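Q: Just passing along the structure, written as structure tokens.
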Amino acid sequence: MAAAAAVAALAAGLLTATPTWRLVDARLYDLAVTLVPPTPPDDLVIVAIDEPSFSDVGIQWPWPRSLHGQLVEALRAAGAKAIGLDLIFAEPSADPAEDDRLAAALGPDVVLAADETLIETPQASSVIRTEPLPALTANGARAGLASVLLDGDGAVRRMPPYEDSFARVLATVGGETAGRIPPGAMVRPFGPARTVPTVSYYQALDPQSFLPPRFFDGKVVLVGLSLQSAASAEDGGADAFASSFTTLTNQLTPGVEVQATLFDALRSGRLVTPLSPAGVFALVLAAAGLAGAMVLRSTTWRTVLAGALVPVGLVGASGVLLTAGSVWVSPAAPAIAALMTLAIQAARDFVAERRMRQMVTRAFQHYLAPDLVDRLARDPAALKLGGERRTLTILFCDVRGFTSIAERMKDDPERLTSLINQLLDPLSAEVLKRGGTIDKYIGDCVMAFWNAPLDDPDHAVHAVEAALAMVEAAAAFDRKLSGERDPGGAPLPAIAVGVGVNTGDCVVGNMGSSARFDYSVLGDAVNLASRLEGASKDYGVAIVLGAETRARVEGRFPLITLDRIAVRGRSERAPVSTPLPAGSSADAETLALHEGLVADLVEDRLAGDDPRFATLAERLPMLAGYYRRMAERIAAKS
């Protein structure tokens, strides 16, 4: 097991070093941060250079720099405490007066964007920094590097480490404290495009006309391109980037909104710190070891389920650490290590178990029925071979009406065989569903028993459940058969079943001869179960239960006493009963009336015209056939 955990941990650890795996981790981070995004701050506003503004201004882009100066003055007059222009003014305007008017409007409360570009040639690589015109910073305006870090898939997830980044300089200008950026620090975006409060450029030019009073008062304002119809990830866009929400929305986030996210993360300290590679590998080892410990003794569905909870726990812990501790621990590699450990151990146990099954099957395939061989192969210790005395519940189920069908279809044996197989299939399935063992088929009769070869503490309950289900299955088959005709064109007789269920001590084991044998049961309890099945027809009910079966299922099913019969080995007559169909019941008065009727029936004190027969048949319509049969039987005696 230790070897399996070590192999799984090493494999998962190596996976984390691949670019593909880093992309998987990045996508998991995207999923995590989009589930519970932070709330945008109230003191941060974006002024968007968007389609409505282009329409209102009516000037071809790039706009005159005097217009930007006018915006800065309007924002300052409206109470903005810091203004960030995510625009690069690196080249002089064709009209120097435009630059002068913008420079006059700028002051210490304004940050302009700078940029860095990596130029690679066969000879060397160089970084070119683009700064605003010196004249624009002469009155105290500052420049901040607006470049962002892109992951391998082109998405912005990490804080740029620049000391003079646009976000950091803006925080300083706004009087905020910008803390240290941990190595590899990541950001949690507020949402997709336009999640941060945004107004149009033309509205900010005249806030008194378009915006609520004091809208910009005390707020940090960022100005930049932000198209309302956000560019898609496939099409790309001007100053727009993929973010953690791009995977969900397939939309890019405007660069100015990215800068707003970086700014707030920096000033609020809402930075996400990823776990170090050493920490990741330690967690991988721990997850593999924990999963291995859960399947140390054996690999069953319970232990595998418990081991599978390790990845679930890792996912939950990762989410808690992210939201509560701002620490990102990707659950992918530890989860893979845990699952690989489970898979390796499960494969080893599967091979060992398969060998055991093959050995058992070879040893017993001529000794037991195939289904018992399979159960023994799964759990060899559970089956005690040889004869033994056990308390069993035995069921006999005989098909009513099939003899007539067989007589009519004797010239069409293929169809007759198909019909009996179609009926025996659902009847047998109900037995097997409830843990019964099918002993044999006797023509159109099914014999089954419970509590052998494997223990079943509720064997009587399961047998009665099977009996009720078999009656329903036969009724369903009869409905399916309606409309079928025999070879002569006449409708086929109705199909029903009679079931006898009895509980008692039996001998169970291998019965037969040296040439042929089977796993079966013997005993008086078996004979009585067969007798009760035959009596179901005489009583006009579908199911008849022996006294011991009734005692074991009392309270689990509504039961009605039918008669008292002589049983071998007992001096007194034993009661026989029938369970009421599902959903049926009887009130206390009706039960008392019925019990009085049965008592008089047993003591031979009834007349065939006793009015209780009609009264009870009306109150218990499901037993109408029983009352009719009993009345006919009494009348025949007299």
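The values are calculated or read from the model by the stated rules, or taken from the named source; none is laboratory data. All values reported here derive from a predicted model rather than from experimental measurement. Every residue, glycine among them, receives a Cβ derived from its backbone with ideal geometry; neighbour counts consider all protein chains shown. Protein only, heavy atoms only, side chains kept; ligands, DNA and RNA dropped before computing areas. Shrake-Rupley method; radii C 1.70, N 1.55, O 1.52, S 1.80 Å.
Q: Mind counting lysine pairs for me in the chain? Cα separation below 29 Å, and the two need to be 8 or more apart along the chain or on different chains.
A: 12
Q: Provide the descending list of Cα extents for region 109-194 along its principal axes, expressed in whole angstroms.
A: 41, 35, 28
Q: Restricting to Cα pairs below 8 Å that are 6+ residues apart, what does the relative contact order work out to for the chain? Please round to a whole percent. Let's see the in-between values first.
A: Values: 1128 pairs, mean separation 70.8, N = 638.
Averaging sequence separation for qualifying contacts and normalising by length gives 11 percent for the chain.
Q: Angle check, please: helix 332-364 long axis (alpha carbons) against the longest principal axis of the chain (alpha carbons), in degrees 0 to 90, nearest 10.
A: Once rounded, the angle reads 20 degrees.
Q: Please give the contour-minus-distance gain from Ala97 to Glu163: 0.36 nm per residue of separation, less the Cα-Cα distance, rounded to one decimal in nm.
A: 20.5 nm
Q: Using the heavy atoms of the protein chains and a 1.4 angstrom probe, tell me the accessible area per residue for the chain in square angstrom.
A: 48 Å²
Q: Can you list the HN-Hα couplings for region 260-272, worked out from phi with the Karplus curve (6.51, -1.76, 1.60; θ = phi - 60°), rounded to whole Hz and with x for Gly and Pro?
A: 5, 5, 5, 4, 5, 4, 6, 6, 8, x, 7, 9, 9
Q: Using only Cα atoms, figure out Rg for region 464-527 and give it as a multiple of 2.2 N^0.38 Å. Don't skip to the answer; put the middle values down first.
A: On the way: Rg = 18.3 Å, N = 64, 2.2 N^0.38 = 10.7 Å.
For region 464-527, the normalised Cα radius of gyration is 1.71.
Q: Could you tell me what percent of the accessible area of the chain is made up of carbon and sulfur, with a 1.4 Å probe and every protein chain present?
A: 56 percent
Q: For the chain, what is the calculated [θ] at 222 nm in deg cm²/dmol (nearest 500), taking -39500 (n - 2.57) for each run of four or more DSSP H residues and dividing by its residue count?
A: Only helices count here, giving -14500 deg cm²/dmol.
Q: Still on this structure, I have one more. For Trp328, enumerate residues with amide H under 5 Å from its amide H, sequence gap 5+ or separate chain, H modeled in the peptide plane.
A: Amide H neighbours of Trp328: Thr273, Leu275.
Q: Can you list the residues, at least 5 places off or on another chain, whose amide H is less than 5 Å from the amide H of Leu87, using H built in the peptide plane?
A: Amide H neighbours of Leu87: Ala113.
Q: Something else: Just how large is the dipole of region 553-624 about the Cα centre, in debye to the nearest 20, putting +1 at every Lys and Arg Cβ and -1 at every Asp and Glu Cβ?
A: For region 553-624, the charge dipole is close to 380 debye.
Q: Against the longest principal axis of the chain, how steep is helix 65-77, in degrees 0 to 90 to the nearest 10, with axes from Cα atoms?
A: Between the helix axis and the principal axis of the chain, the angle is about 70 degrees.
Q: How big is the accessible area of Glu618 in square angstrom, nearest 10, if you roll a 1.4 angstrom probe over the protein chains?
A: 150 Å²
Q: How large are Rg and Dmax for region 542-638 when only the alpha carbon atoms are used, in Å?
A: Every Cα atom of region 542-638 included, Rg and Dmax give 13.5, 39 Å.
Q: Need one number: nm distance between label points at Leu35 and Val507, each 7 Å from Cα along Cα→Cβ, rounded to one decimal.
A: About 6.4 nm separates the two model spin labels.
Q: Work out Dmax and Rg for region 447-494 from the C-alpha atoms and quote the Rg first, both in angstrom.
A: For region 447-494, the Cα radius of gyration and maximum Cα-Cα distance read 16.7, 50 Å.
Q: Within the chain, what percent of beta bridges assigned by DSSP are antiparallel, to the nearest 5?
A: In the chain, DSSP labels about 65 percent of beta bridges as antiparallel.
Q: For Arg76, tell me the accessible area in Å² from a 1.4 Å probe, rounded to the nearest 10.
A: Near enough 90 Å² of accessible area.
Q: Please calculate the 1.4 Å probe accessible area of Leu562, with all protein chains present, and give it to the nearest 10 Å².
A: Spelled out: Leu562, probe radius 1.4 Å, area about 0 Å².
Q: Tilt of helix 588-602 relative to the longest C-alpha principal axis of the chain, in degrees (0 to 90, nearest 10)?
A: Once rounded, one gets 30 degrees.
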